[in-house]
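Q: Dropping the structure in here first, questions after.
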Amino acid sequence: MADITDIKSILYTEKSLNLQERGVVVIQTSPKMTKNSLNAVLKEYFGVSAEKINSLRMNGKVKRFRGRIGQRNDYKKFYVKLPEGVSLESKEA
């Protein structure tokens with residue numbers, strides 16, 4: 001089962017901030033995370049159950065690092081629709 005450590009970050013881009021106004025949070029995770037495991041992590045650590053979760057796989061870009069070809073890590077991106085008036089505040093903090 002996935003753990004809180006599989007969540008890399010919450011994305012704050014222009015697009016994701018516009019979505020947050022409508023109650024959708026964009027979360028970047030490891031590629032092994034699934035919708036069910038993400039929902040379980042949200043319930044356990046944040047006390048929130050998502051209304052809807054959409055996911056997509058993002059392949060790492062091939063880039064040049066100091067003249068050598070390398071590749072960024074692959075990741076998964078989740079669009080999580082939260083119930084109205086709910087935010088992702090950690091219940092431990």
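Each reported figure results from applying straightforward, stated rules to the coordinates on display, with no laboratory input. Being a predicted model, the structure only gives us computed values, none of them experimental. No Cβ is skipped: glycine too gets one built from the backbone with ideal geometry, and neighbour counts run over all protein chains shown.
Q: Over all distinct Cα pairs, what is the inverse of the mean 1/r for segment 44-83, reported as the Kirkwood hydrodynamic radius in Å? The partial results should precede the final answer.
A: Details: mean 1/r = 0.0783 Å⁻¹.
That comes to 12.8 Å for segment 44-83.
Q: Under the classification rounded if a/c is under 1.5, otherwise prolate if a/b is larger than b/c and oblate if not, where does the chain fall, given a ≥ b ≥ c as square roots of the Cα gyration tensor eigenvalues? Mind showing how you got there, number by number?
A: Working: a/c = 2.35, a/b = 1.74, b/c = 1.35.
Prolate, because a/c is 1.5 or more and a/b exceeds b/c.
Q: On full extension of the chain, what length is gained from Lys81 through Asn59, given 0.36 nm per residue of separation minus the C-alpha to C-alpha distance? Don't skip to the answer; put the middle values down first.
A: Numbers: separation 22, 0.36 × 22 = 7.92 nm, distance 2.34 nm.
My answer for the length gained is 5.6 nm.
Q: Going Cα to Cα from Lys15, which lysines come in below 21 Å? Please leave out same-chain ones fewer than 8 positions away.
A: Candidates past the 8-residue exclusion: Lys52, Lys61, Lys76, Lys77, Lys81.
Q: Work from the charge dipole of the chain (Cβ charges, +1 for Lys and Arg, -1 for Asp and Glu, about the Cα centre) and give the residue of Met58, Phe78, Val24 farthest towards its positive end.
A: The residue sitting farthest along the positive end of the dipole is Met58.
Q: Determine the gain in length on full extension of the stretch Ile69-Ile4; use 0.36 nm per residue of separation and subtract their C-alpha separation, reporting nm with one decimal. Write out the running numbers ahead of the final one.
A: On the way: separation 65, 0.36 × 65 = 23.40 nm, distance 3.17 nm.
Going from the current span to full extension adds 20.2 nm.
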